[in-house]
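First the structure, in the form of structure tokens, and then the observations on it.
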Amino acid sequence: MGNEKNLRILFVQPTLMRLSGTPVQSKKRLIMTMVTAYLAGLTPESDHVTVIDDKVQKIPFDGDFDLVAITTTTGSAQRAYEISKKFRERKIPVVMGGFHATLHPADTLVHADSVVVGEAEHVWQPLLDDLRAGKMKSIYKGDQPCDMKSLPRPRYELLDLSRYRIHMMPIQATRGCNYHCDFCEVPVVYDGAYRMRPIENIVEEIATQKRIMGINQFQFIDDQLTGKHTFARELFKALKPLGIKWSCLWTLNTNHDEELLDLAIDAGCIHVNIGMESINQENLNAIHKKQNHVKDYIDLLKAMERRGLFYSLNLMFGLDHDTKDVFPATLEFLEKVRAPLAFFSIVSPREGTPLRERLNLENRVVDPTADQYSSGHVCMFIPKNMTKEDVETGIDWVQRSFYSPRSIMKRLIFPKSPYTFHRDGLPSNLFFNYVSRKGIDTVEYY
Ligand code: B12
Ligand code: SF4
């Protein structure tokens, strides 16, 4: 180790692995990522930090570091292990954290010197102190959730911004989610809790990021920004004077509160991403997506359209009540409501979710490690009312059809839609038209 006090830490965000076992790498990616810049912000200023996004940058495998800190999701875990091996061969200690490490600490520990289970806020400083003293433990787990009061500013100045097509700075206002959809790890990892930051801290972070980065656009990465409407209302009022543009995720039932929609728009909201998941109510009931009611879909989407508030929808296929008809029926619905943008994926029964537990019991998971390789368009389990191939050809068909010139015209051009000239309207539809025609998997450009 170099200096007694100052550490040289390399933070790595590993890329995803393709089903072929090769890492997904490219010159650019679509969106800036948060976690490594955030962990750098959590590190004392006296330590020297380097942040690398493995998807778009080369990892300095020969560099001199006292610690390599790797974040993990299930889809990036295999790559994290590969990276870790190279540093550990050089006797450089490696610590891993994130959703995958949290859900599978024992598996992760095989590939790391230390694993952080859950949030970093309470354990990062003790871990660094232990490392300085030469006694880093193998597992760190905070004994209580962080209070959200003094979260550090993510240090985006450490990212190579030229690598990201969209310059929207990720920011977090809340953690967790108050729903319990069967396919999702968020309620599992956060124990069903929903926590909010003090609004003045969020405002202060935005003002500082604007000043340091010179960027006026933000992406709230919260799983559900509107989990508490009273909080969201106050947050949106506080954002208004900042004059920023922002996007977020919220659940569709948020749109019942039309006053909240107006406040969001007033505050600079330009894009909301929504997990609609399915147009079949039986599917939604079966996966406990209890906040979505198909009978309300059209009204709730029109509430955004009337206001010109741009939205994108996430849809998943292969659920137990899906038959081959789901693909044309979904396309018909999306064209009927003139949805401006949609993302399509096959259900992914990741280890650690209630959905995976059920499919395990039903012996429907063919390859238990398949969730460690990423593709939104490969079916990793035995569907109930279709074959695996039906789901895979169906999803390609629905994506290509939705982004075909015919559908784009219908949804965005004739008659003119409030979204035609929105920056995520026609330009994004043309981008996805290209991606679909070429058969490029989602994971390649995210
Ligand atoms: C934003 C987001 C995205 C954005 C990323 C862009 C961006 N702006 O960051 C986009 C839309 C591109 C995206 C895409 C995908 N995502 Co995503 N995404 C998220 C989301 C909502 C927030 C991630 C985040 O930044 N959180 C903020 C940071 C600060 O929190 P954190 O990562 O949990 O880190 C804390 C601790 O975990 C810990 N920690 C984390 N890493 C480390 C490392 C060390 C060393 C230490 C000490 C501590 C530590 O400390 C942090 C502070 O307490 C999460 C859900 C969530 N609640 O986290 C899903 C999530 C990570 N995504 C998920 C998935 C599946 C995907 C996709 C594969 C979906 C798909 N089929 O295409 C793709 C993969 C893309 C890719 N290339 O990796 C899953 C992962 C599940 C899993 N088991 O790993 C999650 C958990 C959501 C879910 N339940 O479905 N995603
Ligand atoms: S609403 Fe979203 S974040 Fe919450 S449990 Fe469902 S899928 Fe997960």
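Side notes on the structure shown:
- Taking 22 Å as the straight-line reach from the Cα of residue 135, the lysines in range (excluding those fewer than 8 positions away in the same chain) are 5, 85, 86, 91.
- Across 272, 110, 51, mean-square fluctuation computed from a Gaussian network of the chain (C-alpha pairs under 10 Å connected) peaks at 110.
- Net charge, residue 142 excluded, C-beta distance under 10 Å - Lys, Arg +1, Asp, Glu -1: -2
- Farthest positive-ward along region 8-141 dipole, Cα basis, beta-carbon charges - from 60, 21, 80: 21
- Candidates 176, 97, 63: whichever shows maximal mean-square fluctuation once the chain is modelled as a Gaussian network with Cα springs under 10 Å: 63
- Only alpha carbons enter this Debye calculation for region 72-112, each as an equal point scatterer, and the log10 of I(q)/I(0) it gives at q = 0.17 Å⁻¹ is -0.37.
- Its Cα gyration tensor gives region 8-141 an equivalent ellipsoid, and the semi-axes of that ellipsoid, as √(5λ) in whole Å with the largest first, are 22, 16, 15.
- For region 87-155, trypsin sites (Lys or Arg not before Pro) are listed when DSSP marks them as loop and at most 16 other Cβ atoms sit within 10 Å of their Cβ; the list is 90, 91, 135, 137, 149.
- Applying the Karplus relation 6.51 cos²θ - 1.76 cosθ + 1.60 with θ = phi - 60° to region 44-56 yields 3J(HN,Hα) values of x, 4, 6, 8, 9, 10, 10, 10, 10, 9, 4, 5, 10 Hz, where x marks Gly and Pro.
- The amide H of residue 376, built 1.01 Å from its N in the peptide plane, has 442, 443 as neighbours under 5 Å, considering only residues 5 or more places off or on other chains.
- Estimated [θ] at 222 nm from DSSP helical runs (n ≥ 4, -39500 (n - 2.57)) normalised by residues in the chain, nearest 500: -9500 deg cm²/dmol
- Projected-area mean, region 253-301, by convex hull of Cα positions, square nanometres: 3.6
- Proportion of all alpha-carbon pairs of region 137-238 beyond 24 Å (%): 34
- Between the amide H of residue 404 and any residue lying 5 or more places away or on another chain, no distance stays under 5 Å, with hydrogens modeled in the peptide plane.
- Using every pair of distinct Cα positions in the chain, the Kirkwood expression returns a hydrodynamic radius of 23.0 angstrom.
- When DSSP beta bridges are restricted to pairs lying wholly in region 8-141, around 5% turn out antiparallel.
- Region 92-111-region 352-398 distance, computed between alpha-carbon centres (Å): 25
- Estimated FRET transfer efficiency (residue 204, residue 299; beta-carbon r; R0 25 Å; 0.05): 0.10
- Among 116-123, 10-17, the peptide with the highest mean count of other Cβ atoms within 10 Å heads the list, and the full ranking is 10-17, 116-123.
- Interchain or long-range residues, amide H under 5 Å from residue 48's placed H: 7, 8, 9
- Remark: region 271-280, residue by residue, has Karplus-estimated 3J(HN,Hα) of 7, 10, 9, 10, x, 7, 6, 8, 9, 10 Hz, where x stands for each Gly or Pro and the curve is 6.51 cos²θ - 1.76 cosθ + 1.60 at θ = phi - 60°.
- The charge dipole of region 168-445, taken about its Cα centre with unit charges on the Cβ of Lys, Arg, Asp and Glu (plus for the first two, minus for the last two), comes to roughly 940 debye.
- Packing-based exposure ordering (other Cβ within 10 Å, fewest first) of 321, 100: 321, 100
We did not get these values from a lab; they are worked out from the coordinates using the rules stated. Not measured: the values here are computed from a predicted model. Positions of Cβ are backbone-derived with ideal geometry, glycine not excepted, and every protein chain shown enters the neighbour counts.
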